Structure formats: structure tokens, C-alpha cells
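Asker: Dropping the structure in here first, questions after.
The values are calculated or read from the model by the stated rules, or taken from the named source; none is laboratory data. Note that the structure is predicted; figures quoted are calculated from it, not measured. Quick reminder, even Gly has a Cβ in these numbers, built from the backbone with ideal geometry, and neighbours come from all protein chains shown. Only protein heavy atoms, including side chains, enter the accessible area calculation; ligands, DNA and RNA are left aside. Shrake-Rupley method; radii C 1.70, N 1.55, O 1.52, S 1.80 Å.
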Amino acid sequence: MALLSGNASTRIPTTIKRPRNVDTPRAAAILYGDWGTSKAYVIGLAFAVAGYASFWLIAAMCVLTALVGINYMIICRLYPDGGGVYASVRHRSEVISIIGAFLLIADYLVTAAISALSAFQYLGVPHPEKFAAAAILIIGMLNLLGPKHTGGLAFLISVPTVFVVIALGLFSLPHMHGAIAHLQPLHGNFWQNWAGFVGIVLALSGVEAIANATGVMRLDPGSTEEHPSVVKTSTPAILWVMTEVCIFTAVLGLAMHALNGLQIVNGEVNAPHAQGVRDYMLRYMGEIFVTGTLGPAFGHAFGFLVSIVFAMLLLSAVNTAIVDLIMIQFLMSRDRELPSIFHRLNKWGVPGLAMAVATIVPIGLVVFVKDIAGLAELYAVGVVGAIATNLGATATDRKLPIKTWERTFMFVTFLIMAAIELSLLIDKPNARYFAVTILAIGLILRGLAQERRMKKEKPAPETISPTIQATPTSPSGQTPATVLGSESILCAIRGTGRTLDFALKEARETGRRLYLLFVREQPFMTEEDAKRKWQEDPEASTVFAEAKQKAGDCQPLFAYAVSPSAAETIVDIAATLGASRLILGAPKRNALINLLRGNVIREVSNLLPEEIDLLVYA
């Protein structure tokens, strides 16, 4: 953040890292919103593959899910700054990290598409692909405002989902005897069953979300930003979600066998009184089981409840996938692996082109594929490839502090995932073509970015500390003790309206030093952003120029900051300056935008020290 008066410029300390404010429940909710959705469609897909023997495939899938979950507890411990496979592999090999990143992009693209389509399959609307495309577009447009408070939203959605899943499991218990009676052994030889198992491996999707989120998790007691640890947040979050996913996917997968008369027709599953139940199997199970216990009225009501709850959870997964897609494109662009246009930000700090890609491609997938099974074929190569890359690179990195049993366990899991990936590449041509296409496009874009960089022939920017620190001075050369006093006022402004006029009047009448602060809020922070000056921001330049003109003889000091959290930065700077009063203008945004992006005044009020007075000018 730069502190200025006239043409003079100094810097004062301020944090530029993303705030670590995601606790265990919210971390679990973010993970559950992606990982926990798999049971909504994988159970029906399993029955379409193996019929009344599908439980054995589902059970094997649950075991693999547990293995991968345990490994990701280790990965989150080793990489507490987030980034997923892209960040964890990059120090080993830029090429492998790029491949892993584009495989992850392929996974997120299909995650958004399949989650949206499955949501409207559960709602039973006609032409669900059209509704899914519209939902993806709306969610993408909302993300232009920035991904704020998504953890809290995911938590609110996940809580009723867990209760509905538990209720469905309880209503299934009386039918377990019939399910076991209908249970059949696997048919065919090992390779045929292996192909069936590989066909439902998409249940693993979502686990990378937790590795991406470690950079915003709360630090463990005693750890610091220089030596971060988030084990006490990440490990319980993974354990909770993994336990729920494994146990209830297995229980509901077995309970499905109690349904009489299910028939497989051309990859679809038909019931005696319902056609095409494959993609909304949990809703159908709820209707049948609750009807048998409480009657048809309660059965239909519970089926409707299952539809609503899972549809909301699946749409939450769409949002998570789009946010992750935007983030990874932005990071790769800032690392100069993608053209710079992918990190050009709008006024809310969101890269517009990255958002467009994260929205348009999933829309195209749901419109042209229109089928859960078809999307599932595109799905698995990306997610399995990303997980295998992460596990393989971590297990073979001798510099990491991993115990021998952890390294062996992780390497064995990597071999299983590598075998699954090889099978997918051989047996799933559509998945192979999709993954290769995404990888080829990505490598072309990377080549264009490198070519442009070489033409500019500019040296790479120097690495700086995440915290800018220097001794502030005034234009007259005064010491910090003279400039930074208890009789100063800080006014955070975004325009040249009445709040600015009021702050200038207060400074003149009280004789206090006035600091005018302009915060450019953007969720994605890099080293270059920390060095940005107000002269490079047209909006800030306009505001400061008019403020200087209005101030006359009583010139204020100008302050500028780029931050992922405006509220935390305002409080940080107010405390650093030792301001006795903080002035904020009442927001002019409408109620919807306030709901989506949060209320800065409320956040500042919660964080501000008691010795600093908060004045809201409306």
C-alpha cells in the first residue's frame, strides 16, 4: 500500500495474503459441496453398469475413496498454501504441473456441467439440459462479483443435505434384508468387472477442492504465515466428509438393491412405474421407501425434499467448480503460463475472460452431450489424472518430510490411480479426446504466452515478501512519530461524493491529519499487485486528483492498497496509522449485491479495535 501526498510516495506495512478465515465446518462444507455430490448420480450409473451386482463395484469405489482421502490429509499437511496439483507439483517440474493443471481444468469443466444437469434431473423438469445451461450462465455471471462468502453458503446448503441423507439411510434400513436377498455376484471376468469399476470412478471428483482451499484455512495454534500449518482444519474436514461419503454411498448403494423390477435398457435404468430413474435414483428410493413406511403422501413429499436439497447441493458444486476454474486460470496467467489477458481483472477483482471460459465451456457440454452418462465418460480422465499426478509427484519427492509408511501408502495409491487412468485412456475414447483437446489448447496458449514474453525480453520480476514493510515519511521529511499520531483521521473512499467532502470538513475543523484510503479489492493477489501504485489505477487517480483540488491548503495524505479483503485492510491500516477515527460512507449498492458480496461496514465494525471510533456517513 502506498502512502502519498502530492508527488511524494512512501509505504507502510500491510498484509497482502488472502485472509485465512475458513474454519473446519466451512472447509468441510466446501469439500462436501463437491465430493459429497457424487452419490447423487454415481449410484444410478453403477446399477446401469452391473445391475443387482453393482454393490460390489460401489463398495470397491468407497474403499478407493477412503485411500485417496487419507492421502489428501497428508498432502494438505505438506502444502498449507493451497493451489492443488498445480502448486504442489510446480517445484518439481513446470511441465508436469502444467499437465496436471490442465487435467484439473478438464475435471472442473465437466464437474460444472454434470452437476448442473444432475440438479435438474432431480427436479424432473423437461429438457433439463436447457435449465442446466441457464443455471451455469447465471452462476457464472454472479461470479463476476467475486467469490465471497461461498464457504458460508456451502455450509448452509450442506447441513440440510446431510440430514436428508441420514433420513434416507434410516428409511432404507428396514429394506436391507430384501437388498441382500437381491444381491448378485459380479458377472464376467476380472477385466470386465475392472471396466465397470473404472466406469464409476467419477465418485472421486471433488477431493482436489480441499487441496486448493488450504491457503485460506485458519492457521493452527502456534503456527505463523512464515511457517504455516492447517492440519487441525484440513484433517477433520477431510475425515468428516470422507466418512459420510464412504458410509452412506455404500449403504444407499446396497439399499438400492431392495428396489424390485429395475431393468437396464440401453444404458438407462427403468423402474416398474417410472422410466429413466438412473440419474435421480436417490429421489426414487426416497419415494419408494418412505411410501412403504408412512404412505404415498409422505413418500411424494420426501421425494420432493430429496430433489430440492440435492439440486441445491449440485448447484453449489457448479459454483465451486467455476470459482476453482477462475482461480487456476488466473494463477497460471500470473505465472506466465497463459496469456496475460486471463488475469486482467474487472472492477470487482475477477478476471473476465477466465470467468467466460469457466462458464461457456460447461454450457456447451450440457447442450451438446445432454446426458449424465455421456458427461461421465468425459469426466474421469481429468480427475483421475490430476489426483495421480499429485500423489505420484508427492510420493517421490525425497525433500518432503513424509514418514516411510506414508510415502509407501501414497505410492501404492498412485499406482492404482495410474492403472485406472491408463484404462480410461484405452477404453474411453471420448474421455481421451476431451482431455487431449483441453491439454492441446492449453499448451498452445502457453506457447503463445511464452512467445509474447520472449518478444518483450523483459527480465522476470523479483520475488518480494508477502508483506510490504518500510518506514513511512511525510513529504516534509517528518518522522513517523510526527505523521502517525493518535489525532489523525482515516477515511476510506471509493468516489468523490459527500463522504469525501465531510472528511475534508472534519479535518479542517478539528485540525487533525487526514488520510484518504482507496482500496482496490480483488480476490486473487500476486506479487505484482503488491507493487501497484495509485497512478496505475485510473479510478484511484481520478478520486485523488479531485480530493487534492477540493482540499486546498489542508492537503491530506493519500493511501492506496490492493487487497483480497477490503474490510481487513481498512482495519489493518487504521491500526497501523494509530487513527482515532475511521470514516466510511454508507454503501450505495442494492440489497442483492450487498447479500452476494457482504457488507464492508459490518465487517469493519466487527474487526475494528475499541479505541478507534467508527463514523458512517450517510
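Asker: Show the residues, 5+ positions off or on another chain, whose built amide H is closer than 5 Å to the amide H of residue 617.
Answerer: Hits under the 5 Å cutoff: 584, 585, 586.
Asker: If R0 is 51 Å, what FRET efficiency do you get for residue 181 and residue 436 from their C-beta distance, rounded to 0.05? If you can, show how the numbers build up before the last one.
Answerer: Values: r = 45 Å, r/R0 = 0.89.
It comes to 0.65.
Asker: If packing is taken as the average number of other Cβ atoms within 10 Å across a peptide's residues, how do 106-115, 265-274, 434-443, 196-205 rank, most packed first? The partial results should precede the final answer.
Answerer: Working: 106-115: 29.8, 265-274: 13.7, 434-443: 17.5, 196-205: 24.9.
Ranking, from highest mean packing down: 106-115, 196-205, 434-443, 265-274.
Asker: Simple spin-label model, 7 Å along Cα-to-Cβ: residue 613 to residue 192 in nm?
Answerer: According to this spin-label approximation, the distance is 8.3 nm.
Asker: Among DSSP beta bridges whose residues both lie in the chain, state the antiparallel percentage, nearest 5. All intermediate terms of the calculation are to be shown ahead of the outcome.
Answerer: Numbers: 14 of 36 bridges.
Roughly 40 percent of the DSSP beta bridges within the chain come out antiparallel.
Asker: When P(r) over Cα pairs in 10 Å bins from 0, in percent is calculated directly from the model, which label among (i) 3, 16, 27, 28, 18, 6, 1, 0; (ii) 3, 16, 25, 23, 16, 10, 5, 2, 0; (iii) 3, 13, 17, 18, 18, 14, 7, 4, 3, 2, 1, 0, 0 fits?
Answerer: After the calculation, the listed value that fits is (ii).
Asker: Right, next: Report the gain in length on full extension from residue 66 to residue 398: 0.36 nm times residue separation, minus Cα-Cα distance, nm rounded to one decimal.
Answerer: Working: separation 332, 0.36 × 332 = 119.52 nm, distance 2.46 nm.
Fully extending the segment from residue 66 to residue 398 adds 117.1 nm.
Asker: So, one more: Under 8 Å for C-alpha pairs, at least 6 residues apart: give me the relative contact order for the chain, rounded to a whole percent.
Answerer: On the way: 1053 pairs, mean separation 154.0, N = 618.
Computed over the chain, the figure is 25 percent.
Asker: Past 22 Å, Cα to Cα: identify those pairs from 232/531; 505/548; 130/428; 505/550, in the order given. If you can, show how the numbers build up before the last one.
Answerer: On the way: 232/531 33 Å; 505/548 13 Å; 130/428 26 Å; 505/550 10 Å.
With Cα atoms farther than 22 Å apart: 232/531; 130/428.
Asker: Please get the size of the charge dipole for segment 191-315, origin at its Cα centre, with Cβ charges of +1 on Lys and Arg and -1 on Asp and Glu, quoted in debye to the nearest 20.
Answerer: 280 debye
Asker: Take the Cβ-Cβ distance between residue 265 and residue 134 as r, set R0 to 25 Å, and report the resulting FRET efficiency rounded to the nearest 0.05. Spell out each step's value before the answer.
Answerer: On the way: r = 30 Å, r/R0 = 1.18.
Rounded to the nearest 0.05, the efficiency is 0.25.
Asker: Can you give the extra length, in nm with one decimal, that the chain gains between residue 223 and residue 408 once fully stretched, where that is 0.36 nm per residue apart less the Cα-Cα distance? Present the calculation step by step, with values, prior to reporting the outcome.
Answerer: Numbers: separation 185, 0.36 × 185 = 66.60 nm, distance 2.79 nm.
Fully extending the segment from residue 223 to residue 408 adds 63.8 nm.
Asker: Tell me the angle of helix 296-334 to the major Cα principal axis of the chain, expressed in degrees between 0 and 90 and rounded to the nearest ten.
Answerer: Roughly 50 degrees between the two axes.
Asker: Provide the packing ranking of 490-501, 408-419, i.e. peptides ordered by the mean count of other C-beta atoms within 10 Å per residue, highest first.
Answerer: Details: 490-501: 19.4, 408-419: 17.5.
Ranked by mean Cβ neighbours within 10 Å, highest first: 490-501, 408-419.
Asker: Just the accessible area per residue of segment 250-307, please: how many Å² with a 1.4 Å probe?
Answerer: Details: 2470 Å² over 58 residues.
Dividing the accessible area of segment 250-307 by its residue count gives 43 Å².
Asker: If you don't mind, another one. May I ask you to order 353-359, 256-262, 423-429 by the average number of other C-beta atoms within 10 Å around their residues, highest value first?
Answerer: Peptide ranking by packing, descending: 353-359, 256-262, 423-429.
Asker: Restricting to Cα atoms and excluding each atom paired with itself, what does the Kirkwood estimate give for segment 297-387 in Å?
Answerer: Numbers: mean 1/r = 0.0643 Å⁻¹.
Averaging 1/r across every pair of different Cα atoms and inverting gives 15.6 Å.
Asker: Now for a different question. When the accessible area of segment 541-591 is computed with all protein chains present and a 1.4 Å probe, what percentage of it is carbon and sulfur? Don't skip to the end; give the middle numbers.
Answerer: Numbers: 980 of 1930 Å².
Carbon-and-sulfur percentage of accessible area, whole number: 51.
Asker: Once the dipole of the chain is set up with Lys and Arg at +1 and Asp and Glu at -1 on Cβ about the Cα centre, which of 361, 31, 127 lies farthest towards its positive end?
Answerer: Farthest towards the positive end: 361.
Asker: To continue, here is another question. Specify which residue in the list 569, 280, 245 is farthest towards the positive end of the charge dipole of the chain, using unit charges on the beta carbon of Lys, Arg (+1) and Asp, Glu (-1), about the Cα centre.
Answerer: Towards the positive end, the residue furthest out is 569.
Asker: In Å and from the alpha-carbon atoms only, list the Rg and Dmax of segment 303-446.
Answerer: 18.2, 53
Asker: Let me ask you something else. Give me the number: length gained by fully extending residue 356 to residue 450, i.e. 0.36 nm times residue separation minus the C-alpha to C-alpha distance, one decimal in nm.
Answerer: Taking 0.36 nm per residue and subtracting the Cα distance, the gain is 31.6 nm.
Asker: Relative to the longest principal Cα axis of the chain, at what angle does helix 231-255 sit, 0 to 90 degrees, rounded to 10?
Answerer: Roughly 30 degrees between the two axes.
Asker: Ok, one more. Any cysteines in the chain with zero other Cys Cβ atoms under 4.7 Å from their Cβ? List them, or say none.
Answerer: When partners are defined as cysteine Cβ atoms under 4.7 Å apart, the chain leaves 76, 491, 554 without one.
Asker: Let me ask another. When the accessible area of segment 53-112 is computed with all protein chains present and a 1.4 Å probe, what percentage of it is carbon and sulfur?
Answerer: Working: 1130 of 1590 Å².
Summing carbon and sulfur atoms, their accessible area is 71 percent of the total for segment 53-112.
Asker: Just the number, please: carbon plus sulfur as a percent of the accessible area of segment 411-456, 1.4 Å probe, no ligands or DNA/RNA counted. Let's see the in-between values first.
Answerer: On the way: 1990 of 2810 Å².
Whole-percent figure for carbon plus sulfur exposure: 71.
Asker: Once you have a ≥ b ≥ c as the square roots of the Cα gyration tensor eigenvalues for segment 156-228, tell me rounded if a/c is under 1.5, and otherwise prolate or oblate according to whether a/b is larger than b/c.
Answerer: oblate
Asker: What spacing in nm lies between the two simple spin-label points modelled at residue 605 and residue 167, each 7 Å away from Cα in the Cβ direction?
Answerer: 3.6 nm
Asker: Still on this model: How do 35, 56, 534 rank by accessible surface area computed with a 1.4 Å probe, from largest to smallest?
Answerer: 56, 534, 35
Asker: For the chain, what is the mean residue ellipticity at 222 nm derived from helices alone (per DSSP H run of n ≥ 4: -39500 (n - 2.57); sum divided by total residues; nearest 500 deg cm²/dmol)? Walk me through the intermediate numbers first.
Answerer: Working: 24 runs with 381 residues, N = 618.
Computed mean residue ellipticity for the chain: -20500 deg cm²/dmol.
Asker: With just the Cα atoms defining each centre, how far is segment 239-314 from segment 153-220? Give it in Å.
Answerer: Each part reduced to its Cα centre gives a spacing of 13 Å.
Asker: If you roll a 1.4 Å probe over the heavy atoms of the protein chains, what accessible area per residue do you get for segment 81-208, in Å²?
Answerer: Per residue, segment 81-208 has an accessible area of 40 Å².
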